[in-house]
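The values are calculated or read from the model by the stated rules, or taken from the named source; none is laboratory data. Since this is a predicted model, take the numbers as computed values, not measurements. FYI the Cβ positions are ideal-geometry reconstructions off the backbone, even for glycines, and counts take in every protein chain you see.
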Amino acid sequence: MHADLQRLLSDDLLADLPTRPMEDLRSIRNELTRGEGDVSLVRRIAQGRLDIVGREVGRRSGGAAPGPPSDEPTELLFAMPDILADGDGTARSAGAARLTPVDEPGPVALASIEALDGVASPQELSGVGDLDGEGLAALFERLRAFEIELSTVRRTLHERIDRLQDEIARRYRDGEASVDTLLRER
């Protein structure tokens, strides 16, 4: 796990929230939000890779929609819109998930993509049709475990952002902070 992500997940980060200056709370919230954006980006990439492997698993078991054999890279490329779409043919959406701005990938994303490539590299995915059943199952499980881990981290970051937001809102509600101060800071 990247050092920046470890710091964002450390218990010390949110210690003594009521006594910290408001600018610290905002700064930490911004860092957590950037980290969550990075994790969300990599999670979406992992889900795409999982869909590719899952399509091959389904094709072999006869459960996938009719499609090209995965050992033809060109055919696999043309099948990508179907593979990465929801069951109704529309692009996958986050549903009730938070709106996550996507900026240039930060250090958490870059390190996480490197870790994802160690789990299932693009080269390995391009040869997914060449894997035997055991190799395919192992690849699917590695990707699934990685995606679950990212989901857990993302949920934790959301909880931390919510705690900070609650503390900021409490200060405004209780009169410890004012909107006038916020406007003067800009």
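Residue by residue, here is whether (1) modelled with pLDDT of 90 or more; (2) in a helix (DSSP H, G or I); (3) over 25 Å from L32 (Cα atoms); (4) hydroxyl-bearing (S, T, Y) holds:
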| position | (1), (2), (3), (4) |
| --- | --- |
| L116 | yes, yes, no, no |
| A138 | yes, yes, yes, no |
| E141 | yes, yes, yes, no |
| L157 | yes, yes, no, no |
| D162 | yes, yes, no, no |
| I168 | yes, yes, no, no |
| R171 | yes, yes, no, no |
| E176 | no, no, no, no |
| L183 | no, yes, no, no |
**Report entry** Enumeration of residues in region 108-127 that are among the acidic types (D, E) and within 18 Å of E56 (Cβ to Cβ)
**Finding:** E124
**Report entry** Subset of region 22-81 (residues that are outside any helix (DSSP H, G or I) and either of a type in the set (S, T, N, Q) or at pLDDT 80 or above (or both))
**Finding:** S70
